[in-house]
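Please treat every number below as a calculation from the coordinates, not as lab data. Keep in mind the model is a prediction, meaning the values are calculated, not measured. So basically every Cβ, Gly included, is an ideal-geometry build from the backbone, and we count neighbours across all protein chains shown.
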Amino acid sequence: MKKTFSFLLVSMSTLLFHACDTNDSVSHQLIGTWKMDRIYHLESEIPLSNCVKKSKITFYENGNLTYNSFKTENGNCLGQNNSGKWILDDQESILSLSYNSLQDSMIPNKHGLMIAEEQLELWQTHLGDSIHYTYKRVE
């Protein structure tokens, strides 16, 4: 009985350590600042102005985020700063973002996530409409 309990305790500890380590690893890779690189809509790339490419998102270890979005309006490059929270569900590869105040965001609230080297990919499909965002690491 003692051996069975010890085996279960070691197994559970290993499983929990592995699960936390995997999630922490993806979360750790996400931490930092990412600059807008490309946007795809229904698998077609949308041309981005240099102004829009200034948009960036910063993920902090404490679950906070800042999103600086830029758009061209009447020939002027206008920026908007937003803050909020992020939550990563590593098992589902879903990143949830919530903003304190955001009127014109290019980022959906929940989307798929993939991090490869210095590139962050976020995507969402809603009613057959697919949008894919690609960011490059800044810091």
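Here's how it looks for Ser93: its modeled amide H is under 5 Å from none belonging to a residue 5 or more places away or on a different chain. Remark: spin-label model distance Ser83-His41 equals 3.2 nm, labels positioned 7 Å along the Cα→Cβ axis.
Around the amide H of Ser55, modelled in the peptide plane, lie the amide H atoms of Met36, Phe70, all under 5 Å away and 5 or more residues distant in sequence or on another chain. In sequence order, region 77-84 has phi-based couplings of 8, 10, x, 9, 9, 9, 10, x Hz under the Karplus curve 6.51 cos²θ - 1.76 cosθ + 1.60, θ = phi - 60°, and Gly or Pro positions carry x. Per-residue Karplus couplings for region 61-72, computed as 6.51 cos²θ - 1.76 cosθ + 1.60 with θ equal to phi - 60°, are listed in order as 4, 7, x, 8, 8, 10, 10, 10, 9, 10, 8, 8 Hz, Gly and Pro entered as x.
If I stretch the segment between His126 and Ser25 completely, what's the gain in nm (0.36 nm per residue apart, minus their alpha carbon distance), one decimal? Before the final figure, lay out each step's value.
Details: separation 101, 0.36 × 101 = 36.36 nm, distance 2.84 nm.
Residue separation times 0.36 nm, minus the Cα-Cα distance, leaves 33.5 nm.
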